[in-house]
Amino acid sequence: MHDGPRVKICGLCRRQDALTADALGVDYLGVVLTPGFGRSVTVAEGSSILEGVGATRVAVVVDESADRVAAVARALPAKVIQLHGSEAPEWVRELRAHGEWTIWKALRARAPEDVARTLDVFGTLIDGLLLEGWKEEVVGGGGARLDPDTFSAARDLIPEPLDLILAGGLTPGSVGSAVARFQPDVVDVSSGVEARPREKDPDRLRRFVQNARGAAGVSRRSSREPRGEGPS
């Protein structure tokens, strides 16, 4: 087990990028399976992109039916489902009834109160909270940075059983200071390691992983294994 937070590379659209990231030893590889977004892929494309990788597969979805999400997660197959929409607690309970997945809920937070409110609403229904900054008219993945002054106490708001996944505006140059400041369990990047939309840059991938894991003040829970292995 490596030092530092676990690393997730998201928005993968090419198999060569998935293989490069996997060879770097990242922990999670994510594909956007809901149509209509800049990095959306079909389930068949996602399965081909991630075929044979050793990293945990993440299905990223936005406001889909629980039945379809369960179906695409099995088809990928994914061990983690990342929710980027306005899914309600009852929806998450329905998804839980379909299978045993690790479930991350994304939050575009404007204030610390948003974090506390989301945790109050979802409680133990989720396994992790993905935090990114607020950006108008963006569902997720808009690259909005979480303000370190406003959210200086974000780490303390996350109860021990849950993972804090830090996303939004991370780059090879900024991830080290973000890790030291927020102490996340997982760091998540998509556009910050791209050469151009839908294409990752091998050098940026390498530097992101290196800087995330080499940051001072690594997460207090980074050595913990991911929860909820689910279907393989």
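The values are calculated or read from the model by the stated rules, or taken from the named source; none is laboratory data. As the structure is a computational prediction, the values presented were derived from the model and not from experiment. In this analysis, Cβ positions are derived from the backbone assuming ideal geometry, glycine residues included, and neighbour counts consider all displayed protein chains. For the accessible areas, the whole protein counts, side chains as well, though only heavy atoms, and no ligand, DNA or RNA atoms are used. Shrake-Rupley method; radii C 1.70, N 1.55, O 1.52, S 1.80 Å.
I'd like the GluC sites (Glu not before Pro) in the range 76-182 restricted to DSSP loop residues with at most 13 other Cβ atoms within 10 Å, sorted by number.
Passing sites in the range 76-182 are GLU100, GLU136, GLU137.
How far, in nm, would the chain grow between GLU113 and GLU90 when pulled straight, counting 0.36 nm per residue and subtracting the alpha carbon separation?
Numbers: separation 23, 0.36 × 23 = 8.28 nm, distance 2.18 nm.
Length gained between GLU113 and GLU90: 6.1 nm.
By a straight-distance test (C-alpha under 15 Å), which aspartates and glutamates pair with LYS200 as possible cross-link partners, with residues fewer than eight away in the same chain excluded?
Those aspartates and glutamates meeting the cut-off are ASP17, ASP22, ASP188.
Per residue, what accessible area does the range 1-157 have, given a 1.4 Å probe and all protein chains present, in Å²?
41
Taking amide H atoms as placed 1.01 Å from N in the peptide plane, list the residues 5 or more away in sequence, or in a different chain, whose amide H sits under 5 Å from that of GLU194.
Those lying under 5 Å, H to H, from GLU194 are ASP201.
For the pair THR42/ALA71, report the inter-label distance in nm, with labels modelled 7 Å from Cα in the Cβ direction.
1.4
Express in whole angstrom the spacing between the alpha-carbon centres of the range 24-57 and the range 151-218.
Cα centroid of the range 24-57 versus Cα centroid of the range 151-218: 19 Å apart.
Under 10 Å, Cα contacts only: if you run a Gaussian network model on the chain, which one of GLU64, GLU160, GLU51 comes out with the highest mean-square fluctuation?
The residue with the greatest mean-square fluctuation here is GLU160.
Could you tell me which label, among (1) 107; (2) 167; (3) 127, carries the value of volume of the Cα convex hull per residue in Å³ calculated for this structure?
(1)
Which percent, nearest 5, of DSSP beta bridges in the chain are antiparallel? Could the numbers behind the result be given before it?
Numbers: 2 of 34 bridges.
Roughly 5 percent of the beta bridges in the chain run antiparallel, per DSSP.
Counting C-alpha atoms alone, how compact is the range 41-117: give Rg to one decimal and Dmax as a whole number, in angstrom.
Looking at the range 41-117, its Cα Rg and Dmax stand at 13.4, 41 Å.
In nm, give the distance between the simple-model label positions of LEU19 and ARG155, each being 7 Å from the Cα along the Cα-to-Cβ direction.
My value for the distance between the label points is 3.9 nm.
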